[in-house]
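Everything below concerns the one structure shown next.
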Amino acid sequence: MLACTPVPPALEEVTIRDGGRDTAAQSFNQITVHVAGYRGQGLALTTDGVYQLPVPSDGIWKIALVAPSPDVQLRVWTQPTEPDQACDVTKLSETAFTVVCHEARWRVSGAVRGLAGKGLRLGLFDEQLGELPRSAVTVAVDGTFEFSEPLPDNVQFEVRVLTQPTEPRQTCAVENASGYADLADVVDVQVVCNTQTHVFTSVVTGLKGKGLVVRSLGGNPFPIINDGITTYADYPRPDGFRYDISIAAQPSGPDQVCAISNGKGIIDGADVTYYIVCDAAGNLRLSEVGACPFPSSSCWFEIYNVGDVAESLSFYRIRAPAISPLTYVPSRVFALPAIVVPPRSAAVLQARTPGAIADGSGVSHLGDGDIVPWWSKDGFVELLNPAGATA
């Protein structure tokens, strides 16, 4: 059985009670304990985990050891209450300890699972600070986390997600997010993260034939039957997914050429809409080409529609040498304007130079900033159809 008594300034021996008998303290090995900051009640210490030693107040106390040992350890058996306090034990030497009590403050910790992105940041809020977080922590990988700033005793708290992860984008939710810090650390906060998913939508226009088939990267080909808008809600893909949607088979009856826009990229925080535009099957041809005798002159060419259905130039491209004020480019691809060429008719296009910038009757101009198509008598012009082949 353990007992302790305060140490009077001049007292050299401490009397303790053991089993109802008064025994001289010097017959036992003793440890000295300096208790400070104790304001509550109920603090008890132990050296062996079996017997408890109530501590009445602050002061310097001597504890007699029934089983003397140079490796004796002193621990808190019960923490003070009214008010709640937390007392920490420090061993100074084999026979000297300090016990320092302070307002009880409780740490908040937990675990994260499912984290794949970067930048997850959690905040610890409580009723004392309101909307100002008491502490924040950035979590990089699955596993445990702990806020560096503890909570005062008996305060209501809440753990919130301050910043959701990106690369890929995820949504993280906090379980056991709120409660009271009361007499113990909070260790059961759980943060569960799930990667955001997005769906694809196709917008098809101009489809008249049958047999149009598209294929996605790593996926099976699937047919498209009609014009219209289709959302593939049953096939979500995670944020960061790299997609590449291409034409696997062009329609026929009538023959058409369909082109895809926005069919390649990486999902980045939003659903993806790609566009399929179908036109008559490549009936535009280069019919005349005018060379440029001087670098400052404007090259021109004529495109003729040999088919029976009107076609838009915007489905086509030209490849040709190019020139700018500073450099010559041996080969460059230029987009063509959205001009509809009626069947058995032609359109004339001219390089947009300072002397030829205004579109006129039957003539349109093209260029890419200050770079324009330019070729001499030894140059070339190639018309590319919607499929990217030579028309």
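The values are calculated or read from the model by the stated rules, or taken from the named source; none is laboratory data. Quick caveat, the model's predicted, so the values are computed rather than measured. Ideal geometry is used to build each Cβ from the backbone, glycine not excepted, and the neighbour counts take in all protein chains shown.
Okay, here's what the table says:
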{"item": "L45 modelled with pLDDT of 50 or more and on the phi < 0 side of the Ramachandran plot", "result": "yes"}
{"item": "Members of segment 233-242 that are in a loop (DSSP other than H, G, I, E, B) and either surrounded by fewer than 18 Cβ atoms within 10 Å (Cβ to Cβ) or in contact with a Phe, Trp or Tyr (Cβ under 8 Å, 6 or more places away or on another chain) (or both)", "result": "A233, D234, Y235, P236"}
{"item": "Segment 84-97: number of residues that are within 44 Å of the chain's Cα centre (by Cα), of a type outside the set (D, E) and over 15 Å from D58 (Cα atoms)", "result": "1"}
{"item": "Matching option when the condition is hydrophobic (A, V, I, L, M, F, W, C), in a loop (DSSP other than H, G, I, E, B) and either modelled with pLDDT under 85 or out of contact with any Leu (no Cβ under 7 Å at 6 or more places or on another chain) (or both), among A270, A248, A259", "result": "A270"}
{"item": "Per-region count, segment 139-184, residues in a strand (DSSP E or B), closer than 30 Å to Q79 by Cβ and among the small types (G, A, S)", "result": "4"}
{"item": "Any chance E167 is acidic (D, E) and at positive phi", "result": "yes"}
{"item": "Residues located in segment 41-57, provided they are surrounded by fewer than 18 Cβ atoms within 10 Å (Cβ to Cβ) and part of a loop (DSSP other than H, G, I, E, B)", "result": "G42, D48, G49, V50, Y51, Q52, P56, S57"}
{"item": "Some residue of segment 363-383 being modelled with pLDDT of 90 or more and within 30 Å of L212 (Cβ to Cβ)", "result": "yes"}
{"item": "Spans of strands (runs of 3 or more DSSP E) in segment 280-337 with at least 3 residues over 18 Å from G388 (Cα atoms)", "result": "284-290, 300-305, 328-335"}
{"item": "Qualifying residues in segment 58-99 (those that are among the small types (G, A, S) and in a loop (DSSP other than H, G, I, E, B)) - the one farthest from N29 (Cα to Cα)", "result": "S93"}
{"item": "Number of the exception - V137 against (1) of a type in the set (V, I, T); (2) surrounded by 17 or more Cβ atoms within 10 Å (Cβ to Cβ); (3) without any contact (Cβ under 8 Å) to a residue 40 or more places away in the chain; (4) closer than 30 Å to T273 by Cα", "result": "(4)"}
{"item": "Residue match in segment 181-192 (condition: crowded, with 19+ Cβ neighbours inside 10 Å, within 30 Å of L162 (Cβ to Cβ) and not β-branched (V, I, T))", "result": "yes"}
{"item": "Those residues of segment 156-206 which are of a type in the set (A, V, I, L, M) and modelled with pLDDT under 90, in sequence order", "result": "A181, L183, A184"}
{"item": "Matching option when the condition is more than 30 Å from Y232 (Cα to Cα) and either in contact (Cβ under 8 Å) with a residue 12 or more places away in the chain or surrounded by fewer than 17 Cβ atoms within 10 Å (Cβ to Cβ) (or both), among Y275, Y328", "result": "Y328"}
{"item": "Given (1) surrounded by 18 or more Cβ atoms within 10 Å (Cβ to Cβ); (2) on the phi > 0 side of the Ramachandran plot, index of the condition G143 fails", "result": "(1)"}
{"item": "Selected residue (only one of I229, I266, I245 is surrounded by 14 or more Cβ atoms within 10 Å (Cβ to Cβ) and under 29 Å from A335 (Cα atoms))", "result": "I245"}
